[in-house]
Amino acid sequence: MKSPVLASSALAAALLAASAPVVAAPPAKAAATADGLPSAKEIADQARAAFKELGETSDPMVRRAVFDGRMLLGGADRHQAIADGLKDGDWALRSSALGLALAEKDAKLKKAALDQVAALLASGDATERQRGHELARKHVDPKDALSLYKKAAVDGGPDARAEARLAQVALGGKTAWAIIEAGLKEAPDAREHKEALDALRTFKDAVATDWALGHLHDADAIGGIARDLLAAIDEPKAAARIGTALQKAYDAHAADFPKRLNAASVMARRGKADPVAKTLLAGTRFQEPGGRLVAWQGMVGVRDLEILGKLREGVLSNEEPTEADAGYAWLKAWAKDRAEPKAIEILQEAARSDRRALRMRAMAALTDIAHRPSAPIFEAAMGEGQTEIRLAAARGLAAVAKPGDEPRLADFLRREPDPAVKKALVEAFGRVGTPAIIDPLQFVITSPQPEIKIAAMEAVAATGQPKAAVLVRLLERDPDLEVRFRAFRHLMKLEPNAMAGKTGGALSWLTPAQVESLANDDKTPVEVLFRIAEAGNDMQRPFAVDGLARRGADAATRLLTLAERAAHPDTASAALDALAALRKEASVATYRASAASAHGPIRAAAFRAMGFYGPRALLEVLVPALTDKDPLARARAAEAAVRLANRKDA
């Protein structure tokens, strides 16, 4: 969650800056002005003096304004502003300076910035490393970034080195492979070796083809990863090469069954199952456990009913975990992509069996493919004493439920003692989604378990029925704040006209994170956000103004009200920033009026808006403000004056 103190001002300032017209840097020499207002050079000189006085302040908001203004002055002022910004203790300012310096042609500035990024990447502080990686991704070209990562992989502590290696892996291709290959050469218990194995499990680049082919026949974890990689690489040239190599290995090892099986398994997974299906079948009966697993893994590509018949008993009885996982993955894939009746029949038989581990796998597979005809199997399992079985059954019912199931689901829910199973049944009602689910769920919507209350509330609220609002209202004052917040959000949709008036009562318990969530939800009514922005606490108001800023024209009137009448200057100034980004030149009169505010933050926002959207004539307001007693207002007035100095309008 971002800082609530700066939330609104940061968003509004970004919107305002993004929509602002570009103003050229003022000329070096003074020019006569027909309107009698100070020349661009005179304004620049006065602004420069103000920036010099204000630049040493301890207030980061003022220093940011000074930085923005010095950037507008251009030339040596801009260069020095970036150089000073690289030393600033405020990260928002320093990160801006770093981003600019990294894009500069000035070699000295760029080197200073790269040195800072390198130090951040090698830091012992996790936050600093995160900042370094973000800068490297956004502002450093890949070649320089790679150099920085390599440096951090040497200079940093264990965590910094690990993150630097991961960053190189994320670059992909040869860069990633160099890190992975180096890690594989380390001792098996080394951190680098474990990282390399983890990276390989998701690495699919063709650059690893030679390595994978070289480890095709390894019997350990490396072999499994190599075969997975060979099965996944789809780059055309590499794929053709892999296909040829696998066929060659398969043909060459007719007398070496384990190696022949390794090649067959990968061939099948690459879509060439028919020629090797009998080899895989033989492999499932192999004495060596590792070989049997390789065979079962290859079976995922087989679609031969004769072989399915021969393996039926094995699937229904083999409880070795890895082999069973592979076997049921095969049946599920076959049932899913072709709805093969024989595969589904075996899954259903397993789901009724007394082998609990296999039964759980089969029920999970039928759930994953949402096999509606298996609903009676799930229903029958709901009567069993083992909670694990009932939970699997309830999840199956949730996957296949449809209108008409309400009475049966209600009966199961009424009799179920376990909270996890109850929650799954409530989710089944949610899938049904008809008004008929409301009555059964009214008995659990006030359950002692928050997770059940939330699931019931989600299901009931989704119906949109008047009675749904009645039930959700039962949770408005729930002791669990997350339950209470969910109820608040649902009632905003179910009873929009009533909720604006209830917002005041929620201010005592809404957390900043919850207000931020409301602000980010486009369905939150403008009136609700306005009430929070108007009467919320210091932690709530900024997020509410953020939300209003995102609503655009729909919130313009409320932003204007806050800008003119908010009791808190910080809220008024943030609202004025947001209004300016939205209304631009159309609200210049408001900006000018706000410039007379007794509050410095409001004057600062007004001056800034004038600089972006006002006519040059407003220099008559801004020049006197160059001596404003409020540092932020003075800095923003100077920034705005520089912006307007070269305007050609009247």
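The values are calculated or read from the model by the stated rules, or taken from the named source; none is laboratory data. Note that the coordinates shown come from a computational prediction; the quantities given were computed from them, not determined experimentally. Virtual Cβ from ideal backbone geometry, glycine too; neighbours counted across all protein chains shown.
Some points to look at:
- Of all residues in the stretch 32-41, one or more are at pLDDT 90 or above and surrounded by fewer than 17 Cβ atoms within 10 Å (Cβ to Cβ).
- Residue, nearest to the chain's Cα centre (by Cα), within the stretch 312-324, restricted to residues that are surrounded by 14 or more Cβ atoms within 10 Å (Cβ to Cβ) and either within 19 Å of residue 348 (Cβ to Cβ) or at pLDDT below 95 (or both): 324
- When 624, 542, 569 are screened for being modelled with pLDDT of 95 or more and crowded, with 22+ Cβ neighbours inside 10 Å, only 542 passes.
- Those helices (runs of 4 or more DSSP H) lying entirely in the stretch 208-283 with at least 3 residues at pLDDT 95 or above and over 28 Å from residue 314 (Cα atoms): 209-214, 236-252
- The combined condition, being touching a residue at least 60 places away in the same chain (Cβ under 8 Å) and buried (at least 24 other Cβ atoms within 10 Å of the Cβ), is fulfilled by residue 580.
- Residues being aliphatic (A, V, I, L, M) and farther than 18 Å from residue 499 by Cα - total across the stretch 516-573: 12
- Matching helices (runs of 4 or more DSSP H) fully within the stretch 503-560 where at least 1 residues are of a type in the set (S, T, N, Q) and touching a Phe, Trp or Tyr at 6+ places or on another chain (Cβ under 9 Å): 512-520
- Residues in the stretch 561-573 that are more than 18 Å from residue 527 (Cβ to Cβ) and assigned to a helix (DSSP H, G or I): 569, 570, 572, 573.
- Failed criterion for residue 378 (all others in (1) within 17 Å of residue 299 (Cβ to Cβ); (2) touching a Gly at 6+ places or on another chain (Cβ under 6 Å) hold): (1)
- In this entry, residue 575 is excluded by the filter for residues that are under 19 Å from residue 69 (Cα atoms) and crowded, with 18+ Cβ neighbours inside 10 Å.
- Options 170, 178, 145: the member that is crowded, with 21+ Cβ neighbours inside 10 Å and farther than 30 Å from residue 256 by Cα: 145
- Residue that is surrounded by the most Cβ atoms within 10 Å (Cβ to Cβ), among those in the stretch 367-414 that are of a type in the set (A, V, I, L, M, F, W, C) and touching a Pro at 6+ places or on another chain (Cβ under 9 Å): 409
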